[in-house]
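Engineer: Quick one: the structure is below, questions incoming.
The values are calculated or read from the model by the stated rules, or taken from the named source; none is laboratory data. Values in this document were obtained by computation on a predicted structure and should not be read as measured data. When we count neighbours, we look across all protein chains shown, and the Cβ atoms used for this are built from the backbone with ideal geometry, even at glycine.
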Amino acid sequence: MSGKRSQAGRFQIGAVGVDSGQLIVADPCYIDSEWTRTDKDESPVPIVIYRDRETKRTYACDACGRPSDVKADVWFRNWQAPLADYGGRTAEKVRPENWVEEQAGVDRQGEFNYRGVCHTTLKGEHGSGQLKYKLGHDGVGVACGGFGGDGVYPVYVETDSSGTVKRLIVEFQEE
């Protein structure tokens, strides 16, 4: 590819809009061959099931939907929702005293699809992580979240004296 500059420096090459609070970096040639579609009834974010220590009934928040791969005895709309099983106390108040967190559904962390990106940015170290090829090895891309959310962020390249790009930088916050 051409377009090299003949000087070293940092140059703004554009901006990237973010509406999901996360970005991926990947070679576009893998979009058609490696990106997979997820089922419409799957939540993009990981759903957590809570089991009551005494009754063993399960509870889950359905603010992001009720994916088909997650089963719960009671679904609640949000953490401030009153729960009949607990005399109208909210899920927010009940959880620390009565519930144990369990894994729910299929962990999609590292998958090269929207749900996989969401799982990776929510569960990965620093809100980021490796995305994997369909065969399971690293390299198809990386996902990054945890940078402050939606917005339009400037993108820069840094070049050496021959004009070769050494770094790609997305600036989420000014230094």
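Engineer: Would you check if L131 is in a strand (DSSP E or B) and of a type in the set (A, V, I, L, M, F, W, C)? Give the steps one after another, and end with the answer.
Structural biologist: Details: in a strand (DSSP E or B): yes; of a type in the set (A, V, I, L, M, F, W, C): yes.
Here the answer is yes, as L131 does meet what is asked.
Engineer: Ok, one more. Give G151, G124, G145 a once-over and let me know the one that is loosely packed, with under 14 Cβ neighbours inside 10 Å and closer than 28 Å to I31 by Cα. Break it down into steps so the answer makes sense when it comes.
Structural biologist: Details: G124 fails: loosely packed, with under 14 Cβ neighbours inside 10 Å; G145 fails: loosely packed, with under 14 Cβ neighbours inside 10 Å.
Selected residue: G151, the only one of G151, G124, G145 that is loosely packed, with under 14 Cβ neighbours inside 10 Å and closer than 28 Å to I31 by Cα.
Engineer: Does region 134-175 hold any residues that are assigned to a strand (DSSP E or B) and aliphatic (A, V, I, L, M), and which are they? Steps first, please.
Structural biologist: Of the residues in region 134-175, the ones assigned to a strand (DSSP E or B) are 138-145, 151-159, 165-170.
V140, V142, A143, V152, V155, V157, V165, L168, I169, V170 - these are the residues of region 134-175 that are assigned to a strand (DSSP E or B) and aliphatic (A, V, I, L, M).
Engineer: Regarding region 81-104, can at least one residue be identified that is at pLDDT below 95, in contact with a Lys or Arg (Cβ under 6 Å, 6 or more places away or on another chain), surrounded by 14 or more Cβ atoms within 10 Å (Cβ to Cβ) and part of a loop (DSSP other than H, G, I, E, B)?
Structural biologist: No - not one qualifying residue is present in region 81-104.
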